[in-house]
Amino acid sequence: MKHQSEYQTDNQKIEVLRKTKVFSETEESVLAEISAGLQEISVRRNHNIFKKGDEGDAMYIIKSGSVRVHDGGHILSRLFPGQVFGEFALFDKESRSASVTADEPTVLYRLSQDNFYEIMAEKAEVTKGVLKKVIRRIREMNVLESKLAKSYLKILKQKQEIEEQHKNILDQKAELEIANRKLTALNEEKNRLISVVSHGLRNPLTSSLIVVDLIENDSDNLTSDQKEYVHLLNDGLHRMNSMINQTLDIDTIQLQRSNLKIERVNLAEILKQVEKSFKYALKIKKLTLELKTEDLYAEVDRNFIFLIFDNIVSNAVKFSPAESKIHIELFRSGERARIEISDEGPGISREALKILFDKPQAHGRSKDKTGLSIVRKYVEAMNGNFEVISNQDRGTTFVVSFQT
């Protein structure tokens, strides 16, 4: 005869079985027989109940505690009291698809496959109830599989759309790169055109400024209206010169060495061209230009090297007193070509030299920029050196050098 505690234990097992989905539709009398085959086991925390790959031979029901279903370090799910794991082992002994480990001290009911087969053999109701649950599980899996298939098709379509969008973006990027290259080429051509035009205007403008300055300085024979006209002309020419210098300054700011048209240039030929271009201005102001050169070559941009010499000589002409001399000498100094352009003008004080490139008004040149800051930028862009040597009342020497 069973003890009272044994009846309580059987009732607890039956209650657990009743809440288990696999046996939820099984009759009470059958649950009582199944409960008789349940083996109660206790598992320590972090103890493996079974491992992935072990042979399946029993189903487990959690009475108390909790477990984790995992594949290595990846946790697939966590199970709590009343939940079942390993139920497919009641029907076959295939290898376990995952490991199960206790998360805390846990009590389990274990139903072996052999005990279950004995009950099924005697009770058709058990087989019928279990089959219902298995079939329902299969149907649920079929529904899930259908949903997964639809989701897969949707994902596949989205993937194709993303790939198409990616291709379109790549095509647009290629078109933008082509357009950007064309724009860069046009911008370089625009900058070069501005430079050429501005440089072409500088020499006749310098000559005009010299003539107007001479007329303005010798205006005793002019009427008051003529003096006013000369004054207006002088102001207009200075404004034009200032605008050209500003244009060249913007061009210099945008200048990059990669945009320069570097070639091997004979510096002597460039200096002779500059001398020729100032022939009329020198004659008007009664200046003598002494040029001493030798054939020396440097890797420079032809247009910009002309601008450098043109600007320095223009500066010398502008500030040289009448009937004085301007000296230009080109010679080799070590591995560099050195160009010295000297005048016999008023010179620049030591204090003014310190701010020569920033504040031209400090040395009596307030009407327009001297262009020396532009000269320095072009020289440095072509890896050259630029220096100004001057003493007040003793003239000024501009020194430019390039690697030969």
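Of everything listed in (1) at pLDDT below 80; (2) surrounded by 13 or more Cβ atoms within 10 Å (Cβ to Cβ); (3) part of a helix (DSSP H, G or I), the single unmet condition for SER258 is (2).
When only residues in the stretch 204-228 that are acidic (Asp, Glu), assigned to a helix (DSSP H, G or I) and at pLDDT below 80 count, which is surrounded by the fewest Cβ atoms within 10 Å (Cβ to Cβ)? That would be GLU216.
Listed here are the residues, each with its yes/no results for (1) surrounded by fewer than 19 Cβ atoms within 10 Å (Cβ to Cβ); (2) modelled with pLDDT of 90 or more.
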{"residue": "ILE305", "(1), (2)": "no, yes"}
{"residue": "ILE312", "(1), (2)": "no, yes"}
{"residue": "ASN315", "(1), (2)": "no, no"}
{"residue": "ALA322", "(1), (2)": "yes, no"}
{"residue": "GLU329", "(1), (2)": "yes, yes"}
{"residue": "SER349", "(1), (2)": "yes, no"}
{"residue": "LYS367", "(1), (2)": "yes, no"}
{"residue": "GLY371", "(1), (2)": "no, no"}
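Scanning the stretch 26-51 for residues that are at pLDDT 90 or above and crowded, with 16+ Cβ neighbours inside 10 Å gives VAL43, ILE49, PHE50.
Considering only the stretch 287-303, how many residues are touching an Asp or Glu at 6+ places or on another chain (Cβ under 9 Å), at pLDDT 90 or above and among the charged types (D, E, K, R)?
4
In this structure, is TYR280 under 16 Å from GLY384 (Cβ atoms), of a type in the set (Phe, Trp, Tyr) and either surrounded by fewer than 18 Cβ atoms within 10 Å (Cβ to Cβ) or modelled with pLDDT of 95 or more (or both)? No; evaluated as a whole, the condition is false for this residue.
The values are calculated or read from the model by the stated rules, or taken from the named source; none is laboratory data. Nothing here was measured: the structure is a model prediction, and the numbers come from that model. Cβ: placed from backbone, ideal geometry, glycine included. Neighbour counts: every protein chain shown.
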